[in-house]
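The values are calculated or read from the model by the stated rules, or taken from the named source; none is laboratory data. Computed from a predicted model, the values in this text were never measured in an experiment. Please note: Cβ atoms are built from the backbone with ideal geometry, for glycine as well, and neighbour counts cover all protein chains shown.
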Amino acid sequence: MTLTDPILPVFFTWWDFAALALFGACWFGMTWLIERPRRDAPSMAQIMGRYRMKWMDAMLTRDPRIIDGALLSQLRTGAAFFASGTMLAIGGAVALLGQADRMVTVARDLSEHLEITRIGSEFKILFLMLLLVSAFLKFVWSHRLFGYCAILMGAVSSDGADPENIRIARKSGALNVSAGRSFNRGLRHVYFALAAMAWFLGPIAFMIATASTAAILYRREFRSESRKALLNED
């Protein structure tokens, strides 16, 4: 048996399973690196989480708080935009299920040596849909958490020194951080969904797209110019 021999009725090969294993490793590995980095090497997400907490501390003494409401509204708008976008993408994936035969023809035209069947094509579309649905749920939950954060901000009175207001502001900050984390996870789902589209071109293309996506995410979280600016690095 070779790596290109089919091992399932849908004609998935060992290369396909290797590509899926790499996909899972990159997805969960990047999530772990971004959300649980070393103290001396925080990710962009971690750095911005600290500034979210500082934002809520500053909100206590800001009067009026129109700017805080406007900022939170912008965050909710961004989450709603991506939720709507993933809904459209899910609809496109559903439409693709009815065109599975055409997908097989296109894939074979692009690669003469690519072995793909209708069942295999449908499985890949369903896999893509799973990623998009997961991204949609993350964006919706982020949108809702930002709404909860707004309610807590509205519960803070004008007395910034009141201990109860300080506690509410800290809770609001924690919700803001959680909403941002959910939004970032939704974005990573979208990035990896784009990588998963390369699977239609074969497992090797899938592996290359997955590794490239992980590399891009790593650079943006740990090696970007914006991160250097936030840390005041030369």
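So which of Ser212, Ser178 is hydroxyl-bearing (Ser, Thr, Tyr), farther than 21 Å from Leu97 by Cβ, surrounded by fewer than 21 Cβ atoms within 10 Å (Cβ to Cβ) and free of Cβ contacts under 8 Å to residues at least 24 places away in the same chain?
Values: Ser178 fails: free of Cβ contacts under 8 Å to residues at least 24 places away in the same chain.
Testing whether each residue is hydroxyl-bearing (Ser, Thr, Tyr), farther than 21 Å from Leu97 by Cβ, surrounded by fewer than 21 Cβ atoms within 10 Å (Cβ to Cβ) and free of Cβ contacts under 8 Å to residues at least 24 places away in the same chain leaves just Ser212.
Only one of (1) in contact (Cβ under 8 Å) with a residue 12 or more places away in the chain; (2) assigned to a helix (DSSP H, G or I) fails for Arg167. Which number is that?
With (1) in contact (Cβ under 8 Å) with a residue 12 or more places away in the chain; (2) assigned to a helix (DSSP H, G or I) applied to Arg167, the lone miss is (1).
Can you tell me which residue is farthest from Val190 (Cα to Cα) among those in the stretch 43-70 that are assigned to a loop (DSSP other than H, G, I, E, B) and touching a residue at least 24 places away in the same chain (Cβ under 8 Å)?
Let us first name the residues in the stretch 43-70 that are assigned to a loop (DSSP other than H, G, I, E, B), namely 43, 62-65.
Checking the rest, the ones that are also touching a residue at least 24 places away in the same chain (Cβ under 8 Å) come to 43, 63, 65.
Values: Ser43: 19, Asp63: 38, Arg65: 34 Å.
The qualifying residue farthest from Val190 (Cα to Cα) is Asp63.
Here are some residues: Gly147, Gly173. Which one is buried (at least 21 other Cβ atoms within 10 Å of the Cβ) and in a helix (DSSP H, G or I)?
After applying the criteria, what remains is Gly173.
Checking Asp159 against (1) more than 25 Å from Trp27 (Cβ to Cβ); (2) assigned to a helix (DSSP H, G or I); (3) charged (D, E, K, R); (4) free of Cβ contacts under 8 Å to residues at least 40 places away in the same chain: exactly one of these is not met. Which one?
Unmet condition: (2).
Do we find a residue being touching a helix residue (DSSP H, G or I) at 6+ places or on another chain (Cβ under 9 Å), assigned to a helix (DSSP H, G or I) and within 16 Å of Leu60 (Cα to Cα) anywhere in the stretch 205-218?
Scanning the stretch 205-218 turns up no residue that is touching a helix residue (DSSP H, G or I) at 6+ places or on another chain (Cβ under 9 Å), assigned to a helix (DSSP H, G or I) and within 16 Å of Leu60 (Cα to Cα).
Quick one: in the stretch 16-40, of everything that is at pLDDT below 90 and surrounded by 12 or more Cβ atoms within 10 Å (Cβ to Cβ), which residue is nearest to the chain's Cα centre (by Cα)? Walk me through it before giving the result.
Start the filter on the stretch 16-40 by keeping residues that are at pLDDT below 90, which leaves 16-17, 35-40.
Keeping just the survivors that are surrounded by 12 or more Cβ atoms within 10 Å (Cβ to Cβ) gives 16-17, 35, 37.
Numbers: Asp16: 23, Phe17: 23, Glu35: 12, Pro37: 17 Å.
The extreme case among them is Glu35.
I'm told Phe136 meets every condition in (1) surrounded by fewer than 21 Cβ atoms within 10 Å (Cβ to Cβ); (2) touching a residue at least 24 places away in the same chain (Cβ under 8 Å) except one. Can you identify the failing condition by its number?
Every listed condition holds for Phe136 apart from (1).
Taking only pairs six or more apart or across chains, which ones have beta-carbon atoms under 7 Å, a first residue in the stretch 27-38 that is closer than 18 Å to Arg50 by Cβ and in contact (Cβ under 8 Å) with a residue 12 or more places away in the chain, and a second residue that is in a helix (DSSP H, G or I) and hydrophobic (A, V, I, L, M, F, W, C)?
Listed pairs, sorted by first residue: Ile34/Ala45; Glu35/Ala45.
State which residue is nearest to the chain's Cα centre (by Cα) when the search covers only the stretch 49-60 and only residues that are crowded, with 18+ Cβ neighbours inside 10 Å and either closer than 20 Å to Ala193 by Cβ or of a type in the set (A, V, I, L, M) (or both).
Met56
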